[in-house]
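Below is one structure, written out as structure tokens; comments come after it.
All of the numbers you see were taken from the coordinates with simple rules; none came from a lab. For clarity, every value in this text was computed on a predicted model and none was experimentally measured. Please note: Cβ atoms are built from the backbone with ideal geometry, for glycine as well, and neighbour counts cover all protein chains shown.
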There are 2 protein chains.
Amino acid sequence: MIQWKNLDTLPSFAKLQALKGHVDLAQVMAGESGAQRVAEYALPMGGGLTYNYAAKTVDTEVLSALKELAEEAQLSEKYGVLLNGEVINTGEKRLVLHQLTRGQQGEAVVADGVDKRAFYVAQQEKANAFARSVQSGEITNESGEPFTTVVQIGIGGSDLGPRAMYLALENWAKANGCLRMNARFISNVDPDDAAAVLKSTDLPHALFVLVSKSGTTLETLTNETFVRNALKDAGLDPARHMVAVTSETSPIAKSSDYLAAFFMDDYIGGRYSSTSCVGGVILSLAFGPEIFTRFLNGAAEADKLATNPDPLHNAAMLDALIGVYERNVENWPATAILPYSQALSRFPAHLQQLDMESNGKSVNRFGEPVGYVTGPVIFGEPGTNGQHSFYQLLHQGTNIIPLQFMGFRRNQAGMDAEIQGSTSQKKLCANVAAQIMAFACGKKDENPNKSFAGGRPSSIIIGDQLTPEALGALLAHYENKVMFQGFLWNLNSFDQEGVQLGKVLAKRVLAHDTDGALRAYSDLFGI
Amino acid sequence: MIQWKNLDTLPSFAKLQALKGHVDLAQVMAGESGAQRVAEYALPMGGGLTYNYAAKTVDTEVLSALKELAEEAQLSEKYGVLLNGEVINTGEKRLVLHQLTRGQQGEAVVADGVDKRAFYVAQQEKANAFARSVQSGEITNESGEPFTTVVQIGIGGSDLGPRAMYLALENWAKANGCLRMNARFISNVDPDDAAAVLKSTDLPHALFVLVSKSGTTLETLTNETFVRNALKDAGLDPARHMVAVTSETSPIAKSSDYLAAFFMDDYIGGRYSSTSCVGGVILSLAFGPEIFTRFLNGAAEADKLATNPDPLHNAAMLDALIGVYERNVENWPATAILPYSQALSRFPAHLQQLDMESNGKSVNRFGEPVGYVTGPVIFGEPGTNGQHSFYQLLHQGTNIIPLQFMGFRRNQAGMDAEIQGSTSQKKLCANVAAQIMAFACGKKDENPNKSFAGGRPSSIIIGDQLTPEALGALLAHYENKVMFQGFLWNLNSFDQEGVQLGKVLAKRVLAHDTDGALRAYSDLFGI
């Protein structure tokens, strides 16, 4: 029997609070005991990745309390019922089925009269067939010429995840001879966004993917109009240049304005939709269906590992638990995402949405205010760039910010240069290893301005190379981490009512239905 | 007589602490009193921009305490001595002269036997002349063909600021017929960064700008080797394709490996260097010297406004004071930077460095630990994109995060689309106005999950259009804000000792001079 309880009602949470400041990180990471932690505190994540938490402020005692917390919070059971199709998104009364887009870890889920796994597979097969037809030259533009660029029009989850995934694999695909089409993205309602993309895109050979689950997202429809106007101005037929990704019930689902339509449904939240057709259409067009399938396989592998009820053998669950310890016991307000891979340049922005939109909430799943802090601020940039930027604060600032590093032994493009006795790739890896230790152990100096207190915890995700499988596993790891944290905080991680009020007020501004300060601000903008 | 005192020793700080929670933002922003605040709480920033702080938690009483604090902390006097060439960067024993690159607000500053204003002007004139020669076709590649792309090789301040500035004006320049060359950037030591840029760059017509003040930055020298190898492999002469921006004393200053060299010095910190040759060479090449001059003029205008000793007539000083009130009285841990302009997509990343590297410190300028928090976490993404991402947490999360909006009445590209009765530009502006009010006033709902508590403060910077002058003023505003906050916290905002330890340890890894956990991590990466 599942019980949805607030974090602060669980006995193990009190036990955990007594362990505040329990581990002296600088001490445990020093000497050979540190080396032993690096060897032992590691878990497989799928996709060839390993989650290493040696430099987190945990030891057997903290881990034991976290394991109790996982049991009391019924994390594994809750994931189980989610996989089996329970209405986990209670606010919107919806199932939560994004894991089904890449595999089936639980029982068959039938909703709206159909087997949902079969539905998602069928939609992706349709997308695959479409991608193959475009790539083979069967589907062409009005002059019979092939499409060479694919442009996604979407915002939020229809933009951030797919964009981050495309950028993560673009150079890998080039190096492996499977970059089929270049991809671009239009998202912001700022007309300068669409203008810049359109000016630098070869319109006659561009295929646009309009992504809106509801078919009513104002930014996306506005940008669609913008694009259609540009196509018409170029003497092209918009209906020959645009496909739709939407729900079957949306106003655009059956429109002849689109070359084809691919469907998702209300059980896939926007920020969890990269493995559905929202990511599947553009990524299959860009890289080919085989690569997208490999990406899905990596995600499915991570989903399966996340079903292990023991957090000491479940990387996503342990990552979630350590995060709650850092947030609710240590009271650290933010988490930095630091991939040592330029290909992951937009992955922190995707995680920012995934995490902050899922768990940035103040009421529990029953609408009751919670008496503890929930989701932290998530931010980050790739290393080594960040080292020359905000790392100063991370090392010597007055707040401790937990860190999540990522690194790969091999680069993607296979090009490198050797200077001063080492390659760029070795320098990159040496830097991330060095940073972990600098943060953990610090270093005393007689000049206090050059002293490092240490005690700043981090984890690292390590892989051989950022491949499609690794990327899929990385994506799913964080989706599952965020889900487990939502369970711990007793939140509904799958709605986003906090974005509504702004939309309502913006409509009022555009309708000139305002007074007071809202009218005054509108006047400043000449609206 | 200037006195450098810790924030918590100033009598007005105690007064300010008594004003915690003093203003009920939802209340003061409601009705006509809110409209009056929008009209009154506004200050010119230079470049045609206005700083509006109506939706901050201040009133006459808080403002009066902030004004006292400004006086007790001698903010204006300290800016004065900085402008006049005092050794403000005490740790490194250096003057702080970035304002001199764009104007002269104080007395003549003579250092190293030269008038520094004259020195910076001469270097920029040299860069201007060089840019004109490239643009006129006087300086060409080895085949006598013009250069069409300029690629900056640099990291940290030699990358983030110039890159953000280029992206901010790229579309404006296109629309105004003054985009002379496309610009690209290589920064990360990850070889995939350089590989991706080089693969998509027309090498025979590319001019590279190597930027390293010391001439020893490992990432930058590594990427230089990478680029030189690629040029040689393409049968090109690297010395015909590369210029240097460095200090006169650096090992690369007089090398014949470069077509030309432009100089900065130790008195311009990397994160403050966009208005020096670090930004000046690439931006003059990309947009023409006239546009770069307009950018400098905007910055100089903001610098001049910042000399006003009264914070109620000094936007940068007031912004700094309000930030300290939010950080040290209200204890809010982070600040979000939210430009409603796609052109400012990398401006938050620049501010992240500027702010967090300057003020993310735990000891004061005398090396004594401070007893209060200093620089906050800085993060952000352009609106309206962020609305569909992390705004959920900003509206309904358990922490209050102060917000800094930016918005412009007109777009840059001059293209737009009208749907549902309004243009994209109007929708963009309506959204930012709506968000300010949604955050400030919130909205009660009988469903607690749909309730918005409000009381979430923001400021907005408004301009007619993001022009070169506006961008210069925006850049200088934040540089001056960060400087004033450093004065308030009694920090040295101009060194960055916190980045050193990681460098030292990375060198040890590359030299295989490691043991314990550092060796274990290195082993995981196969180093």
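Shape analysis of region B:108-295 places it in the rounded category; the axes a ≥ b ≥ c from the Cα gyration tensor give an a/c below 1.5.
Each other copy holds its own label point for A:Thr90; taking that point as 7 Å from Cα along Cα to Cβ, the gaps run 5.7 nm, nearest first.
Averaged over peptide B:24-36, the number of partner chain Cβ atoms lying within 10 Å of each residue's Cβ comes to 3. Helix A:277-287 axis versus longest C-alpha principal axis of chain A: approximately 80°, rounded to the nearest ten.
Counting other Cβ atoms within 10 Å, keep those with at most 13, restrict to DSSP loop, and tell me which trypsin sites (Lys or Arg not before Pro) in region A:419-494 are left. Sparse-neighbourhood loop trypsin sites (Lys or Arg not before Pro): A:Lys444. Think of region B:9-130 as having a plus end and a minus end, set by charges on the Cβ of Lys, Arg, Asp and Glu; of B:Asn52, B:Ala30, B:Phe130, B:Phe130 sits farthest toward the positive end of this dipole.
Give me the distance between the Cα centres of region B:337-359 and region A:241-260, rounded to whole Å. Using only Cα atoms, the two centres lie 37 Å from each other.
Nearest 10 degrees is fine. How inclined is helix B:289-305 to the longest principal axis of chain B, computing both from alpha carbons? Tilt of helix B:289-305: around 30 degrees. Inter-copy label distances at A:Glu368, shortest first and taken from points set 7 Å along Cα to Cβ: 4.9 nm.
Remark: mean inter-chain Cβ contacts per residue of B:348-360 equal 5, using a 10 Å Cβ-Cβ cutoff to other protein chain atoms.
Of A:Lys426/A:Lys481; B:Lys5/B:Lys361; A:Lys361/B:Lys450, which pairs sit farther than 18 Å apart, going by alpha carbon to alpha carbon? The pairs that break the limit, which is 18 Å between Cα atoms, are A:Lys426/A:Lys481.
Spatial offset of region B:490-527 relative to region B:179-201 amounts to 27 Å, using the alpha carbon center of each.
The angle between the Cα long axis of helix A:60-72 and the main principal axis of chain A comes to about 50°, on a 0 to 90 degree scale. Restricting to DSSP H runs of at least four residues, report the calculated mean residue ellipticity at 222 nm for chain B, -39500 (n - 2.57) per run over all residues, nearest 500 deg cm²/dmol. Helix contribution divided over all residues of chain B: -13000 deg cm²/dmol. For region B:79-99 versus region A:1-67, the inter-centroid distance based on Cα atoms is 46 Å.
Coupling constants for region B:122-131 follow from the phi torsions by the Karplus curve (6.51 cos²θ - 1.76 cosθ + 1.60, θ = phi - 60°), and in residue order they are 4, 5, 5, 5, 5, 5, 4, 4, 4, 4 Hz; glycine and proline get x. Taking a ≥ b ≥ c as the square roots of the Cα gyration tensor eigenvalues, the protein assembly as shown comes out rounded, since a/c falls below 1.5. Seen through its C-alpha gyration tensor, with square-root eigenvalues sorted a ≥ b ≥ c, region B:324-454 comes out oblate because a/c lies at 1.5 or above while a/b is not bigger than b/c. Taking packing as the residue-averaged number of other Cβ atoms within 10 angstrom, the listed peptides A:502-510, B:199-207, A:150-158, A:392-400 run from highest to lowest as A:150-158, A:392-400, A:502-510, B:199-207. Label-to-label distances for B:Ile419 across copies, nearest first, come out at 4.9 nm, using points 7 Å from Cα in the beta-carbon direction.
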